[in-house]
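Everything on this sheet refers to the single structure shown next.
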Amino acid sequence: MRLLGVPLWKVPAITIEVRRLMHERIAQVSLFPNVAKTLNALARRGISLAVATSNDEAVVRTILGPAVCERIGHFSCGISMFGKTRKLRALVSSAGVRPDEALYVGDEIRDAQAASAAGMAFRGVAWGYTAAAALQLHCATPLLASPQDLLDLSRT
């Protein structure tokens, strides 16, 4: 927000407007290619999956679809711009794992920061909404180039 010159006091109104537009245009929103296939493959390998997002849970479930949602064990949705660390800690706790046993995969700089503050490993993705070069500056490891790269990680 600082980079865009948006005053902090405007953030709540912008967040509300973005969520309204998401609901209004949900039919036009789709998953990135191969995300559903990759999540299904990870679940078949016995990997517990969770979703942490600022989007509303109804929006997330609509976009993921029922088949993929069945694979997700825990949802933490509607996270505020400033509350992600606390929500990540609660999410891993509800999943019955320690933060150091979890991997948070995200596409925002604040995802990387929240994971670090929560004591979780983080992998950034090059297919998300943040410019890859900007996100890479906040990641200790190379960005994942595609959802399928998660399948290679799960083998180690």
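The values are calculated or read from the model by the stated rules, or taken from the named source; none is laboratory data. It should be emphasised that the depicted structure is a prediction, and the values quoted were computed from it without experimental measurement. Cβ sites come from the backbone with ideal geometry, for glycine too, and all protein chains shown count toward neighbours.
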- For Pro66, the lone unmet condition from (1) surrounded by 17 or more Cβ atoms within 10 Å (Cβ to Cβ); (2) modelled with pLDDT of 95 or more; (3) within 22 Å of Ser30 (Cβ to Cβ) is (1)
- segment 59-82, residues that are small (Gly, Ala, Ser), over 18 Å from Met22 (Cα atoms) and in a strand (DSSP E or B): Gly73
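Give segment 83-123 a look and list any residue that's hydrophobic (A, V, I, L, M, F, W, C) and part of a loop (DSSP other than H, G, I, E, B), or say none.
Taking segment 83-123 first, the residues hydrophobic (A, V, I, L, M, F, W, C) are 88, 90-92, 95, 97, 102-103, 105, 109, 112, 114-115, 117-118, 120-122.
Within segment 83-123, Ala95, Val97, Ala102, Met120 meet the criteria.
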- Query: Considering segment 100-115 alone, what residues qualify as being farther than 20 Å from Asn55 by Cα and surrounded by 17 or more Cβ atoms within 10 Å (Cβ to Cβ)?
  - Reply: Ala102
- Item | Within segment 11-58, tally of residues that are at negative phi, within 19 Å of the chain's Cα centre (by Cα) and not in a helix (DSSP H, G or I) | 15
- What number of residues within segment 81-99 are surrounded by fewer than 22 Cβ atoms within 10 Å (Cβ to Cβ) and without any contact (Cβ under 8 Å) to a residue 40 or more places away in the chain? 12
- Query: Among the residues of segment 146-156 satisfying the criterion of being touching a helix residue (DSSP H, G or I) at 6+ places or on another chain (Cβ under 7 Å) and part of a helix (DSSP H, G or I), which is surrounded by the most Cβ atoms within 10 Å (Cβ to Cβ)?
  - Reply: Leu150
- Task: Quick one: in segment 118-145, of everything that is of a type in the set (Val, Ile, Thr) and closer than 11 Å to Asp107 by Cα, which residue is surrounded by the fewest Cβ atoms within 10 Å (Cβ to Cβ)?
- Result: Thr130
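Answer yes if at least one residue in segment 24-38 is farther than 27 Å from Ala132 by Cβ and at pLDDT below 95, and no otherwise. Even if it seems obvious, please write down each step before you answer.
We begin by selecting, within segment 24-38, every residue farther than 27 Å from Ala132 by Cβ; these are 24, 27.
Among the residues that remain, those that are also at pLDDT below 95 are: 24, 27.
For segment 24-38, residues farther than 27 Å from Ala132 by Cβ and at pLDDT below 95: present.
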